[in-house]
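The values are calculated or read from the model by the stated rules, or taken from the named source; none is laboratory data. All values reported here derive from a predicted model rather than from experimental measurement. Cβ atoms come from the backbone with ideal geometry, glycine included; neighbour counts cover every protein chain shown.
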Amino acid sequence: MKFLVISIISACLFVSGCSEIKKSLHTVVDKEQQVFPKASVGKIRPTLRFPSHNIGERNIFVWIPDGYREAVKSGVKFATLYMHDAQMLFDSNITWNNQEWQLDEIAHSLINNQETIPFIIVGIDNAGDALRYVEYMPQKPFESLSEELQADLIAKSSPTGETVYSDRYLEFLTGELKPYIDRNYATLSEREYTYVGGASMGGLISWYAVAEYPDVFGGCICMSTHFPGGYDMQDWTI
């Protein structure tokens, strides 16, 4: 619980404002020209084109705090925070608006001041503007809508015409990525040490992740959560 509370506080610190969140999240860099993030404190370990049977290849960036290797040698294990929209998390030099969420600085401060247990951050690149809605929109609530409304939402929000596939994204997160992280990093793999977070629709998919996988995630950060629903719908119960 302490880790969850501190994580939420940290999220409040590292985002610059609700309007900026929604603007900054819609950022995608051409994959052939992408410059990868550098940490101000700690280190970022990139895993490029991580393979997935569910969503295809995806770049992953794992932040580890200073002293990680020495701590592991002494038997320390780390909680894990999975964060969506990795493009915006660490390095303002590679973002469209020269702003970042400062996750590395905030996490470093929290850990060094012993305000939370040591943790690592796993940043997952989003799929770009064209697919972000269909990857992060909760699939089961979406599929509870009428076919007409589903088609209308896809027409408005999915330039490629791709339908919502967030269940596959969560299968990737829980069934492919998390096992890889737990094998390759010194993690506390239990649910009470595993959190997921994001902003705008990244907050929405984080909420959905906890709802769908309560045995995997102990909590979530849902900052400035975007609940698009049917836009014009009122009192939509799911």
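The helices (runs of 4 or more DSSP H) found wholly in region 1-92 and carrying at least 3 residues that are more than 21 Å from SER166 (Cβ to Cβ) and modelled with pLDDT of 95 or more occupy 68-73. Of the helices (runs of 4 or more DSSP H) lying entirely inside region 99-182, those containing at least 1 residues that are under 23 Å from ARG58 (Cα atoms), in contact (Cβ under 8 Å) with a residue 24 or more places away in the chain and touching a Gly at 6+ places or on another chain (Cβ under 9 Å) span 103-112, 129-136. Residue-level check: of (1) modelled with pLDDT of 90 or more; (2) under 17 Å from CYS222 (Cβ atoms); (3) surrounded by 21 or more Cβ atoms within 10 Å (Cβ to Cβ), LEU110 misses just (2).
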